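For reference, the structure discussed in these notes is given below.
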Amino acid sequence: MHSTLRRTLIAAASAAALAATAAAGGVNAPAPFDKGDVKLALVGFISAGDFFEAYQSGAQAQAKKLGVDLRIFPGKQDPALERDQIEQAINLGAKAIVIDHGLPESLKDVAQKALDAGVKVVAFDVNLDNPKIPQVEQSDHLLARLALDEAIKDNGDKFKAAYVYVAGFAPLDRRDEVWTEFKRSHPGVEEVARFGAVNSTTAATVADQAKAALSAHPEITVVFAPYDEFARGVKLAVNELGLNDKVKVYSADVSTADIREITEAGSPWVATVATNPAVVGAASIRAAALLVAGQDPGHSIIVEPVLLTQKGLRDSSVATVEELSAKVPAFGKSNAATAGWIPE
Ligand code: SR1
């Protein structure tokens, strides 16, 4: 072969190899990401709601940038289905499984089964009590503290409150620890009603419960509802009962639809504390990729939330999560579980 032609072919082959490497996980990606053909799985428990949709789309976007095939299994709030889907992910040949929420007791053994089969496991907001399983979370203690500090700022330290809670979900349990401590350190704050539900129509169920509680306790002026589906339900009830001038709602989470609900005229939803769920989804996939590459993402992977007030959102005319990400860098990006070879 003519030497110029051979040099041209070699150069073309190297360029193609480089491009393939970049497509499969960035420059200098370690094995197995250097070859492509890596499968990961994301097994959820809660399929309904903005938070989980955005979390999954962030995970999918990060997987795409890594050049990996991410299979998403929706758990549909069914513990048996979630277990079954973890088994399916193992059988599918996933190199790592991200387990997103769920009931620990129904997951611990099947997560161990994955580890025994050589599959890496990352947990988001479910405590699987296993030193081999890194835990992704949103700093729920800080999240609850920021929301409750805001409630004190707006209402003073003497008020009657309703609290929305369902035990057994790691993030809600952590937020509950702060609420319990908050009531102890603020004796003027009295919890006069407690309710909650997590199902496929959480906001609607909570709306009915909130309507009953607010009607039975007209003295309630503050509702601590630390999950956006809870806050939506309470807001519906407040609107229906015409209590908008009397009751204020403090929550967790944010979505574009939530921003609309918070900023609309007369909304009782005055503050929320939130991460960008897409950023948390991306961090979960990066953690899984690091484990697959034999690198250590750390045991605790934390994405910090930010306080978003109704006033702040209205004043800045922020209308979408994308605009919020652009305006508040701490919301739009996280350094959790990053590496030079992982494209962001
Ligand atoms: C039922 S648990 C709901 C929470 O999970 C995520 O951590 C979100 O922040 C949401 O509030």
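Quick note: the coordinates plus some simple rules give every number you see, no bench work behind them. This one's a predicted model, so the numbers in the text were calculated from it and none came from an experiment. Positions of Cβ are backbone-derived with ideal geometry, glycine not excepted, and every protein chain shown enters the neighbour counts.
Counting only Cα, what are the radius of gyration and maximum Cα-Cα distance Dmax of the stretch 256-319, in Å?
Radius of gyration, then largest Cα-Cα span, for the stretch 256-319: 16.5, 52 Å.
Applying a 10 Å radius around every beta-carbon, put 99-107, 187-195 in order of their mean neighbour count, most first.
Highest to lowest by the protection proxy: 99-107, 187-195.
At q = 0.10, 0.12, 0.16, 0.20 Å⁻¹, what log₁₀ I(q)/I(0) does the stretch 198-283 have when each alpha carbon counts as one equal point scatterer in the Debye sum?
-0.24, -0.33, -0.58, -0.86
Search the structure for amide H atoms under 5 Å from the amide H of W269, placed 1.01 Å from N in the peptide plane, and list their residues when 5 or more places away or on another chain.
V249
For a distance above 31 Å, tell me the whole-number percent of Cα pairs in the chain that qualify.
38 percent
For D296, what charge total do you get from the other residues with a beta carbon under 15 Å from its beta carbon, if Lys and Arg give +1 and Asp and Glu give -1?
Charge balance in the 15 Å sphere: +3.
Only Lys, Arg, Asp and Glu count, each charged at its Cβ (+1, +1, -1, -1), so figure out the dipole size of the chain about its Cα centre, rounded to 20 debye.
Values: 34 positive and 43 negative charges, 204 e Å.
Rounded to the nearest 20 debye, it is 980 debye.
Each residue of the stretch 227-234 in order: what ³J(HN,Hα) in whole Hz does its phi give by Karplus 6.51 cos²θ - 1.76 cosθ + 1.60, θ = phi - 60°, with x for Gly and Pro?
6, 5, 5, 5, 4, 4, x, 5
Which angle from 0 to 90°, rounded to the nearest 10, does the C-alpha axis of helix 170-185 make with the longest principal axis of the chain?
40 degrees
Any chance you could give the angle, 0 to 90 degrees and rounded to 10, that helix 202-216 forms with the longest Cα principal axis of the chain?
The two axes meet at around 20 degrees.
At 0.36 nm per residue, and after removing the present C-alpha to C-alpha distance, how many nm does the segment from L241 to K160 gain when stretched out fully? The partial results should precede the final answer.
Details: separation 81, 0.36 × 81 = 29.16 nm, distance 1.76 nm.
The span from L241 to K160 would gain 27.4 nm if fully extended.
Under a point spin-label approximation (7 Å from Cα along Cα-to-Cβ), what is the T256-H299 distance to one decimal in nm?
With each label placed 7 Å out from Cα toward Cβ, I get 4.0 nm.
From the residues L66, T263, L236, which one has its Cα farthest along the dipole of the chain in the positive direction, the dipole being from +1 and -1 charges on Cβ of Lys/Arg and Asp/Glu about the Cα centre?
L66
Taking 7 Å along the Cα-to-C-beta vector as the label spot, tell me the L81-A31 distance in nanometres, rounded to one decimal.
3.9 nm
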